[in-house]
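The values are calculated or read from the model by the stated rules, or taken from the named source; none is laboratory data. What you see is a predicted model; the values in this text were computed from it and never measured. Cβ: placed from backbone, ideal geometry, glycine included. Neighbour counts: every protein chain shown. These accessible areas exclude ligands, DNA and RNA; they are computed on the full protein's heavy atoms, side chains included. Shrake-Rupley method; radii C 1.70, N 1.55, O 1.52, S 1.80 Å.
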Amino acid sequence: MAATVEYYDELMDSLGDPESLTVLVVAGASRDAVARALDVDLHEPVVHPWDNKHDSDYAAWALVEIDGGILGVEYTGYGDPSLDALQAMSRDGAAAAVVRSNVEAHVRFGCARDAEVLFDAHELLSVDEPEVVPTELRPLFEQGRDDDAPDEFAVALAMAEVVTGLELSYAESLLVNAAQFFRGPSMAYTSD
């Protein structure tokens, strides 16, 4: 099935509040490999971010196995992976894509295949030169720039499917709600 923005626009409700959300999709990598790349300690569980009444200096990741790869979710919007982490997750024929929105309304999309970053934009739809967007992603990118475009986060999720080949299902997204969260670094990504 071809990635459609409308499909992901409907699926977003099951993932959480897109105002401060990071979704990571990795095809062809193990949960342990993704956790290592993120510097997430799978031996140090933390409370669900919605249960934490105090600001913390760490991010909390849920990493669940889905058909063909790993789905990761982080709820601050400031725990998204660095470019080095994306490269590490995409080694040995794997592919990784991250979609992040934070309270500053910055929607990031970054992706890598075979340990090479293909594209990364801190503010996806603010990219001024569409030719820097990989050819396979350009139709979705252009759709997101239309005046009556759907949500930018949904556009980026559709782009993640194109890069990874993994279509997220409603059932897979609900796995995150029951998943345990683990401590990881905050502010690892810099847009410089």
message: Let me understand the chain better: what is its radius of gyration from the alpha carbons, and its Dmax, in angstrom?
response: 15.1, 46
- prompt: With θ set to phi - 60° and the Karplus curve 6.51 cos²θ - 1.76 cosθ + 1.60, what are the ³J(HN,Hα) couplings of region 96-104 in order, to the nearest whole Hz, using x for Gly and Pro?
  reply: 9, 9, 10, 10, 9, 10, 10, 5, 8
query: Of all accessible surface on the chain at a 1.4 Å probe, what whole percent is carbon and sulfur?
result: 45
query: Once phi is turned into θ = phi - 60°, what whole-Hz ³J(HN,Hα) does the Karplus curve with 6.51, -1.76 and 1.60 give for every residue of region 57-63, x standing for Gly and Pro?
result: 9, 9, 9, 10, 10, 9, 10
Other-chain or far-sequence residues with amide H under 5 Å of residue 118's (modelled H): 111, 112, 113
field: Exposed-site-free run, longest, the chain (rule: GluC sites (Glu not before Pro); DSSP loop; at most 15 other C-beta within 10 Å)
entry: 20-103
- prompt: For residue 76, which sequence-distant residues (separation of 5 or more, or a different chain) have an amide H within less than 5 Å of its own amide H, given hydrogens modelled in the peptide plane?
  reply: 22, 60
- prompt: What shape does region 71-139 have by the C-alpha gyration tensor, where a ≥ b ≥ c are the square roots of the eigenvalues, rounded means a/c under 1.5, and otherwise prolate means a/b greater than b/c and oblate the rest?
  reply: oblate
